[in-house]
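Student: Before I ask anything, let me first share the structure, which is written out below as structure tokens.
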Amino acid sequence: MKRNRLWLGVGLMSLGALSTSCSKEAPAPQAAPAPTAAAPAESAPAAAAPEPPPQMAYAKLVSFFRPSASQAAVAKKDTPERIALGRMLFFENRLSKNHDISCNSCHDLASFGVDGKATSDGHKGQKGSRNSPTVFHAAGHVAQFWDGRAATLEDQASGPMMNPAEMAMPSEKHVLATLNSIPQYVKAFKVAFPGDKKPVSVTNAARSIAAFERELLTTSRFDKYLAGDEQALSEQERRGLNIFASSGCTTCHNGPSVGGTSFQKLGLIEDYPTEDKGRYDVTQNEEDLHKFRVPTLRNVEKTGPWFHDGSVKELATAVRLMGKHQLGTTLSDSEVDDIVAFLKSLTGELPGPELLSPPELPPSTASTPKPDPT
């Protein structure tokens with residue numbers, strides 16, 4: 001069992017990495033671990049709970065989730081004016097060609113930043129190729145999108161506007177024509193970017209949306225645990241955390257966001273059939289083939305369906321799949337139950353309506369471009 005426990009660390013550390021990066025196919029039923037050659041027929045059944053790992057010290061457990069030096073050094077410089085403008089733009093349907101899609105359409109803030117679909121609906125009902133990740137805690141990610149093609153929140157925020165499969169705005173000029181046609185937006189940009197000669201720009205729109213998204217954080221019972229209240233987690237949740245940490249999952253799922261700091265390969269031990277090349281499409285580096293960004297596990301209970309293509313509908317199934325493809329083993333029911341219990345402790349409280357409720361948006365004018373369903 002010790003050997004399986006070692007591989008448990010390699011694979012479960014990739015649960016989030018592969019909630020970003022697993023194939024579209026449902027896995028075959030897990031195979032039982034290969035029996036020891038000398039094991040008699042009357043040996044303990046495979047479903048028996050394995051011996052738990054030694055209890056890791058509390059100080060060691062919480063150390064995995066502290067911010068790195070670089071994370072701690074980042075100073076947030078967002079102003080209230082930029083955050084307020086970003087909130088308006090996040091909910092603004094007129095930034096889409098047909099005026100029917102906003103950032104919130106695919107990243108529903110009332111639903112922990114996801115839409116609950118395997119892949120989201122874009123312009124004219126087009127389906128995206130990957131699952132829409134949560135925007136909560138995205139500020140803690142090393143890069144944005146499953147393949148990391150956007151280095152920052154600002155880079156990410158402007159991408160969907162002119163993506164023909166998403167919001168489908170014809171051009172940057174069309175975006176600017178829309179914003180400049182609405183006097184309240186022109187004023188809001190001037191207030192948010194007082195030093196700019198041309199404050200109304202796609203760059204500043206993205207900067208504002210990013211400022212708003214940096215506010216999208218949740219706190220959970222796990223945070224109380226990290227702050228010193230060891231009883232904030234139940235006995236089963238603490239058991240799951242101990243398995244999670246002692247097995248090595250924290251190699252990838254670490255820091256305040258419990259992930260998001262690296263890229264990992266799908267099918268580390270056992271190949272996982274997928275046509276998605278992951279980060280390779282961005283870098284053209286063979287070493288990045290089938291690698292995906294490890295996501296945050298914050299609120300993972302609420303952000304299904306899971307994996308990069310949204311193919312998994314049960315969190316326990318996702319854990320079992322990681323055992324199969326990342327570990328080359330079958331996790332026992334008790335291991336799965338304990339890990340899932342811990343993961344559920346990461347579900348936090350959503351911010352208040354001052355952030356999550358759709359704001360009152362300024363009206364269009366006669367010069368505002370009309371909806372275009374083509």
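The values are calculated or read from the model by the stated rules, or taken from the named source; none is laboratory data. This one's a predicted model, so the numbers in the text were calculated from it and none came from an experiment. Methodologically, a virtual Cβ is constructed for each residue, glycine included, from the backbone with ideal geometry; neighbour enumeration extends over all protein chains shown.
Student: For segment 106-119, state whether one or more residues are within 30 Å of Q71 (Cα to Cα), in a loop (DSSP other than H, G, I, E, B) and more than 18 Å from the chain's Cα centre (by Cα).
Tutor: no
Student: Take the conditions farther than 30 Å from I83 by Cα and not in a strand (DSSP E or B) and apply them to L321. Does it pass?
Tutor: Criteria met by L321.
Student: Please determine whether any residue of segment 98-112 is surrounded by fewer than 17 Cβ atoms within 10 Å (Cβ to Cβ), without any contact (Cβ under 8 Å) to a residue 12 or more places away in the chain and over 30 Å from K190 (Cβ atoms).
Tutor: No - not one qualifying residue is present in segment 98-112.
Student: Among the numbered criteria (1) among the β-branched types (V, I, T); (2) within 23 Å of the chain's Cα centre (by Cα); (3) surrounded by fewer than 16 Cβ atoms within 10 Å (Cβ to Cβ), which one does V191 miss?
Tutor: For V191, the exception is condition (2).
Student: When segment 79-97 is examined, which residues are found to be more than 23 Å from the chain's Cα centre (by Cα) and either surrounded by 19 or more Cβ atoms within 10 Å (Cβ to Cβ) or assigned to a loop (DSSP other than H, G, I, E, B) (or both)?
Tutor: Once the filter is applied, which keeps residues that are more than 23 Å from the chain's Cα centre (by Cα) and either surrounded by 19 or more Cβ atoms within 10 Å (Cβ to Cβ) or assigned to a loop (DSSP other than H, G, I, E, B) (or both), segment 79-97 yields T79, R82, L85, R94, L95, S96, K97.
Student: Of the residues P305, P359, P369, which is modelled with pLDDT of 95 or more, within 24 Å of T134 (Cα to Cα) and surrounded by fewer than 17 Cβ atoms within 10 Å (Cβ to Cβ)?
Tutor: When all the criteria are applied, what remains is P359.
Student: Looking at V258, V336, V300, V319, which one is closer than 25 Å to F64 by Cα and free of Cβ contacts under 8 Å to residues at least 60 places away in the same chain?
Tutor: Checking each option against the conditions leaves just V336.
Student: Yes or no: A205 touching a Lys or Arg at 6+ places or on another chain (Cβ under 8 Å), assigned by TED's automatic domain parsing to the domain that holds A138 and in contact (Cβ under 8 Å) with a residue 24 or more places away in the chain?
Tutor: Spelling it out, it is not the case that A205 is touching a Lys or Arg at 6+ places or on another chain (Cβ under 8 Å), assigned by TED's automatic domain parsing to the domain that holds A138 and in contact (Cβ under 8 Å) with a residue 24 or more places away in the chain.
Student: Still on this structure, I have one more. Any residue in segment 127-146 that is free of Cβ contacts under 8 Å to residues at least 24 places away in the same chain and in a helix (DSSP H, G or I)?
Tutor: Among the residues of segment 127-146, not one is free of Cβ contacts under 8 Å to residues at least 24 places away in the same chain and in a helix (DSSP H, G or I), which makes the answer no.
Results for (1) assigned by TED's automatic domain parsing to the domain that holds N204; (2) touching a strand residue (DSSP E or B) at 6+ places or on another chain (Cβ under 8 Å); (3) under 30 Å from I182 (Cα atoms), shown as yes or no for each residue.
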{"residue": "F91", "(1), (2), (3)": "yes, no, yes"}
{"residue": "S102", "(1), (2), (3)": "yes, no, yes"}
{"residue": "D121", "(1), (2), (3)": "yes, yes, yes"}
{"residue": "G125", "(1), (2), (3)": "yes, no, yes"}
{"residue": "S129", "(1), (2), (3)": "yes, no, no"}
{"residue": "A138", "(1), (2), (3)": "yes, yes, yes"}
{"residue": "H141", "(1), (2), (3)": "yes, yes, no"}
{"residue": "A151", "(1), (2), (3)": "yes, yes, no"}
